[in-house]
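The values are calculated or read from the model by the stated rules, or taken from the named source; none is laboratory data. Please read these numbers as outputs of a predicted model, since none were measured by experiment. Positions of Cβ are generated from backbone atoms using ideal geometry, with glycine treated the same way; all protein chains shown enter the neighbour counts. Heads up: the accessible areas ignore ligands, DNA and RNA and are worked out on the full protein's heavy atoms, side chains in. Shrake-Rupley method; radii C 1.70, N 1.55, O 1.52, S 1.80 Å.
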Amino acid sequence: MPDLKVATFNLYHFAEPGIFWHERKASATYTPEQWAAKLAWISGVLAKMDADVIGFQEVVSDEALRTLTQAAGYPYFYNAARAIFDPDDAAVYVNATVAIASRLPFTAVNDLAGVAGVPEDTVIDAGFSFSRVPVEAVVAAPGVGEIRIYVCHLKSQGAFVDPDEIDVVSEWAEKVKRYYALRAMAGVDQVAKRAAEAGALYRTFRRTLDVDPEAAVILLGDMNEDPESHTLGILTQGERVFSWGSVAGDAIPEAFAYLKHVFKLYDAWHLVPTQQNSRPVTHSSFGHGSVLDYVILSNGLNPKNPRRHGTVSKIEVFDDHFRDGPPRGIASDHAPVVATIASAATV
């Protein structure tokens, strides 16, 4: 049976010339020459990755991406929602989207609907929604069967303070005080939104796992958090359980011990033995590296699960451009992550 390869790929401002990111200035758009170079670089990376299904982030010009991926051998494409533009300047985009391209036909594909009841059961405001609407797709993979795939881009880090709210203050002592006060609340907001998105995705996985505990489910995404963050803990439920009610965490009856694994999700990196001493960074900006991009799997693809449908056998990070170029405008400030899934029958 052939292996299945899935990937997540943040493209970095995939916006055609004449579209600006976040503000109208020459450094925030592509010239036709830069755009052509970016398209060529992406096409080259797609060929190197050789993935069957790819989740993309930072998509603005979705029809251009559809054309590029179809030319690269991906006949099936779907873009969630639409990019959002500045109401005062239609050439400036303020929020991008996610998309999915596949060599395999979609059994189903759509925008992920709703937020899985998170506002009703938490302190999150009733008006909460994903900052970027995720994709929900289903494909049938030879040797593995039906796989449900989500593509996401969680709320960005950074606490934005509207310059207009600071510029109206002329006295410097008040200006500084106001900035810090506004940034503190903006920081609370972005952390809470990202955590809520992680919780909504976990609950979305659970809707499938509660029906079929061994279902094969994959999340491809830029989580905007590091592997040890509480946000990733909310998503994977990988943090240690100290007690099940009044029963100690390690005292669960043997007949039910497997359930500890069924309802967790798994960072694919930790499921594959690797020769590398340290985990490669997937995001590089101004000399700082971090891990933000992930392939997250259900227990149905866990190599340790005897009832698995498939098993993740390899993880690759395509990060040559961090060292060798081209610059991130042409390339990306993220490195694609590719996971290979083998049929359970072949491993």
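Tabulated results
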| read-out | value |
| --- | --- |
| Members of Lys48/Lys260; Lys193/Lys304; Lys155/Lys264; Lys25/Lys48 lying beyond 29 Å, as alpha-carbon distances in this model show | Lys48/Lys260; Lys193/Lys304; Lys25/Lys48 |
| Within the accessible area of region 1-56 (1.4 Å probe), percent carbon and sulfur | 57 |
| Computed label-point distance, nm, for sites Arg240 and Asp86 using a 7 Å Cα→Cβ extension | 5.0 |
| Relative contact order [Cα under 8 Å, 6+ residues apart], the chain, whole percent | 20 |
| Simple label model, 7 Å out from Cα along Cβ direction - His270 to Phe128, nm | 2.3 |
| Cα-Cα P(r), region 214-279, percent of pairs per 5 Å interval | 3, 12, 21, 21, 19, 14, 8, 2, 0 |
| DSSP H segments from the chain that extend 24 Å or more along their own axis, Cα-based, with Kyte-Doolittle mean of 0.0 or above | 32-49 |
| Dimensions (Å) - region 172-254, Cα atoms, principal axes, largest first | 65, 32, 19 |
| Share of carbon and sulfur in the accessible heavy-atom surface of region 142-204 [1.4 Å probe, %] | 57 |
| Per residue value of the accessible surface for region 172-326 (all protein chains in place, 1.4 Å probe), Å² | 54 |
| Volume per residue that the Cα convex hull of region 101-218 spans, once the total is divided by residue count, Å³ | 125 |
| Counting DSSP beta bridges with both ends in the chain, the antiparallel % (nearest 5) | 75 |
| Region 192-336: C-alpha pair distances exceeding 17 Å, % | 66 |
| Using a Förster distance of 56 Å, the FRET efficiency for Ala26-Arg279 (Cβ separation, nearest 0.05) | 0.95 |
| Nitroxide proxy distance, nm - points 7 Å out along Cα→Cβ at Val211 and Ser170 | 6.4 |
| Extension gain, Asp324 back to His261 (0.36 nm per residue minus Cα-Cα distance, nm) | 18.6 nm |
| Convex hull volume per residue for region 39-113, taking Cα atoms only, in Å³ | 90 |
| Calculated P(r) of the chain - Cα pairs past 40 Å, % | 14 |
| Counting all C-alpha pairs of region 101-164, share separated by more than 17 Å (%) | 59 |
